[in-house]
Each structure stands twice: as structure tokens, then as C-alpha cells.
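Working notes for the structure below.
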Amino acid sequence: MDVQDGGWRRAWEGAGRQMRHMGRGLADLILPPLAHDSREATAAAGLTPDAWSRIKFLEAPVCDGCGAAFEFDGGAFAETRCAACIAQPYLFQRARAACLYDDHSRGLILRFKHGDQQQFAPLFARWIGRAAADLVQEADAVVPVPLHPFRLLSRRFNQAAEIARPLARQARLDYLPDALVRTSHTDSQGGKSRRGRRLNVKKAFAITEAGRRRIKGRRILLIDDVLTTGATGEACARALIAAGARGVDLAVIARVRNARELTM
């Protein structure tokens, strides 16, 4: 059973799933789907026009290494990476973020992450699929950043896995929810410096034996919710590369504006 993928919780839900899917199409004809951020009806479940307009989506050109938006398009001869990524590359090869993590996106992400509002998962998966289309196209498998079992028990689901599953299904990629595991129950990353975050998660992740066989020689697309300093992504990439992954890219819902400028 896939623990990170919520298998322990969904085992009892399987019986009614097909019936719900059959009824959903009929219900949508009678009652339009509601926007996730309000009670306003929309043509397809998503965000209201007002909420959508406030999200700062990160459009090309972006840094190939960290996903930060460049201020302008430098043309064919411009650097593909920001100065920070040239000077100190991340352990993951490339990164993409769908939007900026700010006052407008934060509430949606926190409602999904801590409010058990899993209806945001397919929406965020579509955002990532668009922003990281080139990474998805070159990936062999999708791996969510795992939670420690204690945190998974309290939160009831792994938000990264809920995004990674529909993304992998849509792209027809292997989905490996339990290939990577979190072996230590670390402190929250909130409030820590970049160095503190790195030390906090440096040895927090490991590869399962079953996962090792499915990772070796393959390009992995790692999925998380927010890129802050990149410490968690780097720790996961370190474990995946040590297990024989051919390469690791990172895709997230959002990134903070100053991800590579935080104090050490």
C-alpha cells in the first residue's frame, strides 16, 4: 500500500469512487461547479476571475536553475540561469514554479496544505504541468517530496503526492509515491536561514529498496508545494542521485521571490 499516496486512508473509500464519478457529470449539468476560492459558480471548477487575476504566474523567460522570472527577455544569446545559479547551482538540475508565493497565492496553498482542501490538487497539478511542460516532457518518473509518518498522520495526506499523482497520470509517466521516504522527523523549516534549512534536512531522506530499482538510470521530476531556499529539494535530489537517478528536476506550485537571496 502506498503510504505517502494516502493508501491507508483511501482503502475504505474505493467502493464508492466509481459511483461518485458517474454522478459527477450529471450533477455538473444541473449545478455548475463552484470556484475553489468562493461560492461563485464557474464554467469549470477553479478560481474566480478576481482571484485568478491576482495570482502572479511565472511566465518565460525564467531561470533554468531556480525558476525565478527574468525581468526581460535577453534574446538568443542571454544566459539561461541567474547569477546565483551560475555561481552556486542547486543539486537538482532545473526548477520550475507555476507562480509567485505571495499574499494572493499563500492563502490558497495553505488551505490545501493545512486545511484538508484537496480540491486544489488537480488545479495545482495543471498549473505545474503548464509551467514545467519542458521538464515533464523529459521526465521518466514523478516523485513527490515525502512527509515523515508522524506528520502524515497528523495532516492525513501528503500534499505533494496529491499534486504529483494527477500530473503523472496526465503525462503518462511512472508515479513513484513511496520510492523516496523521510527517515527523520525534522523541525519545521519556517523561520530558519538557508544554512539552517539545509542542516535541518541534510540527511532526512532515503530511497527504499523497491524505489532504487525504479529510479536507477532515469530522469526524475520531483514535486513539492513551495520553493523557499531549495534545501528540501536539494536533500531529496541528493538521495535520488546517490541511488542512481540520471537527473533530478524540481517543480513546485510557487516560489518565494527571494529564494536565492535569503541570509545564510
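The values are calculated or read from the model by the stated rules, or taken from the named source; none is laboratory data. Remember, it's a predicted structure, so these values are computed and weren't measured experimentally. Virtual Cβ from ideal backbone geometry, glycine too; neighbours counted across all protein chains shown. Heavy atoms of the whole protein, side chains included, go into the accessibility calculation; ligands, DNA and RNA do not. Shrake-Rupley method; radii C 1.70, N 1.55, O 1.52, S 1.80 Å.
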So ALA76, is it at pLDDT below 90 and of a type outside the set (S, T, N, Q): yes
From the set of residues in segment 54-73 that are among the aliphatic types (A, V, I, L, M) and open to solvent by 40 Å² or more (accessible area, probe 1.4 Å), which is modelled with the lowest pLDDT? ALA60
The number of residues in segment 201-234 that are at negative phi, in contact with a Gly (Cβ under 8 Å, 6 or more places away or on another chain) and open to solvent by 40 Å² or more (accessible area, probe 1.4 Å) is 2
Is it fair to say VAL143 is under 20 Å from PRO177 (Cβ atoms), open to solvent by 10 Å² or more (accessible area, probe 1.4 Å), in contact with a Leu (Cβ under 7 Å, 6 or more places away or on another chain) and in contact (Cβ under 8 Å) with a residue 60 or more places away in the chain? no
Going through segment 101-122 one residue at a time, which ones are of a type in the set (Gly, Ala, Ser) and in a helix (DSSP H, G or I)? SER105, GLY107, ALA121
Failed item, numbered, when ALA45 is tested on (1) open to solvent by less than 60 Å² (accessible area, probe 1.4 Å); (2) farther than 30 Å from THR183 by Cβ; (3) at pLDDT 65 or above: (3)
Are there any helices (runs of 4 or more DSSP H) wholly within segment 128-192 with 1 or more residues that are modelled with pLDDT under 95 and within 22 Å of PHE92 (Cα to Cα), and if so which? 159-171
Evaluate segment 82-94: report whether one residue or more is modelled with pLDDT of 80 or more and touching a Ser or Thr at 6+ places or on another chain (Cβ under 8 Å). no
